[in-house]
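These notes are about the structure you will find just below.
The values are calculated or read from the model by the stated rules, or taken from the named source; none is laboratory data. All figures in this text were calculated on a predicted structure; none of them were measured in a lab. Positions of Cβ are generated from backbone atoms using ideal geometry, with glycine treated the same way; all protein chains shown enter the neighbour counts. Please note that ligands, DNA and RNA were not included when accessible areas were found on the heavy atoms of the full protein model with its side chains. Shrake-Rupley method; radii C 1.70, N 1.55, O 1.52, S 1.80 Å.
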Amino acid sequence: ASRRGAVAVLVRSLTPFSLATPHTGSQSRPASIAPDWLSARNMPASFAGDYSGVARIPAASITVEDVALLSRIQARGKDVRVRIEMGAFNHPGMVISRNTIAEIQGSVKPDEVVIMGGHMDSWDVGQGATDDAGPSLVCLQALLAMLRLGLRPLRTIRMVFFTAEEIGLYGGAQHYANQVASAAGVEAIHLVAELDHGIFNPLGISLQADFTTQMVARFTASLLGTSTGATRVVSRFTEQSDLNDFKNHNVPFMTLLQGPNNVFRSKVETEFQGDYFLYHHTHADTVDRLIPSQMDKAAATMAAHLYAFASMPERSSHTAPMIYDAADAECTLPTMATCA
């Protein structure tokens, strides 16, 4: 936008439904954009190029209602003039912040690790209950459930509360860098699981993994019918945040599959998000969005699957093809091998 003469950018809030609630967030721009990066995201090739010498300009998010208002004015052939007043700024220099880590050490293969977690920072609006306090506490409760039951998995299960996710994924990037630099390296990571889409109505899990790990998940899910009811296992491509670097090494990845609690449902939403984009990054992200019984079910579902994964006889493959659902449909056992 700056290269084409814009002095500022206004972005429609990322939500399927609005009650005049603007969604905050961060905006960044790389020094350059490669054509293949644009092609993978179905973006115009004309955006490719060097941006290092292009001036940086302010960016702000506005409500869906205000976007509609500006669109109506423009449709009438009138010029739209907007005055922008923003209070956002970057603090000078760097400050120290830390990830919070807790582990159950593996009984047989302690150097092989299953990582789960969420991030403990939030935006200044709202309370950060769905993004990401609730999901982070579900991870903690999953770990505590194993301890209370006296369960000791074969591999280490590591829970991480990542810091500084919202402003640039710094906690996740540092944890990944530490693992790469360790003697065991990324090869020691058996599976990663991240919760960063609120906690709503747990239906099951979404898992990107090799065939063997998929079969373990389906057997585990079949045992949850009378407890959590979260018996579904799908294999949809899911972008996350703090643990994405591990996915780039073909490490199996899991998150919760969730249904909505609200009738306002957009077709563009994917099922693992529940009602997340109704509330995220807004003043509406408050603790009353979290339903205790759903958090209990989510924690139990996470605990069951992660314990099963951490207790597999063999380590998951980082080289075997990942299983994805064909046409975004659920794979069934007879057709699993053909889903890609």
Task: Count of residues meeting criterion [in contact with a Lys or Arg (Cβ under 7 Å, 6 or more places away or on another chain), surrounded by 24 or more Cβ atoms within 10 Å (Cβ to Cβ) and more than 20 Å from Ser136 (Cβ to Cβ)] in region 197-212 - done: 1
Task: Sole residue being open to solvent by less than 40 Å² (accessible area, probe 1.4 Å), modelled with pLDDT of 95 or more and part of a loop (DSSP other than H, G, I, E, B), chosen from Met322, Met302, Met312 - done: Met312
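Among the residues in region 54-70, are any of a type in the set (S, T, N, Q) and open to solvent by 50 Å² or more (accessible area, probe 1.4 Å)?
no
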Task: Exclusive hit being free of Cβ contacts under 8 Å to residues at least 12 places away in the same chain, of a type in the set (D, E, K, R), open to solvent by 80 Å² or more (accessible area, probe 1.4 Å) and at negative phi, set Arg3, Arg12, Arg76 - done: Arg76
Task: Test: Ser28 is surrounded by 10 or more Cβ atoms within 10 Å (Cβ to Cβ) and hydroxyl-bearing (Ser, Thr, Tyr) - done: no
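Each row is one residue, and each column tells you yes or no for (1) over 15 Å from the mean Cα position of the chain (by Cα); (2) open to solvent by 20 Å² or more (accessible area, probe 1.4 Å).
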{"residue": "Val125", "(1), (2)": "yes, yes"}
{"residue": "Ser136", "(1), (2)": "no, no"}
{"residue": "Thr156", "(1), (2)": "yes, no"}
{"residue": "Ile167", "(1), (2)": "no, yes"}
{"residue": "Val180", "(1), (2)": "yes, yes"}
{"residue": "Leu195", "(1), (2)": "no, no"}
{"residue": "Leu223", "(1), (2)": "yes, yes"}
TODO: With respect to Gly185, determine if the residue is open to solvent by less than 20 Å² (accessible area, probe 1.4 Å), under 30 Å from Ala284 (Cβ atoms) and either touching a strand residue (DSSP E or B) at 6+ places or on another chain (Cβ under 6 Å) or without any contact (Cβ under 8 Å) to a residue 40 or more places away in the chain (or both).
DONE: no
Open item on the list: Take the residues in region 284-299 that are of a type in the set (Asp, Glu) and surrounded by fewer than 22 Cβ atoms within 10 Å (Cβ to Cβ); name whichever of them is nearest to Ile189 (Cα to Cα).
Closed with: Asp296
- [ ] Test each condition in (1) within 23 Å of Lys109 (Cβ to Cβ); (2) out of contact with any Gly (no Cβ under 7 Å at 6 or more places or on another chain); (3) at pLDDT 95 or above for Ala184 and report the one that comes out false.
- [x] (3)
Task: Scan of region 149-174 for residues that are under 22 Å from Asp124 (Cβ atoms) and of a type in the set (Val, Ile, Thr), ordered by number - done: Thr163, Ile167
Open item on the list: Looking at Asp121, Asp131, can you tell me which residue is acidic (Asp, Glu) and buried (at least 24 other Cβ atoms within 10 Å of the Cβ)?
Closed with: Asp131
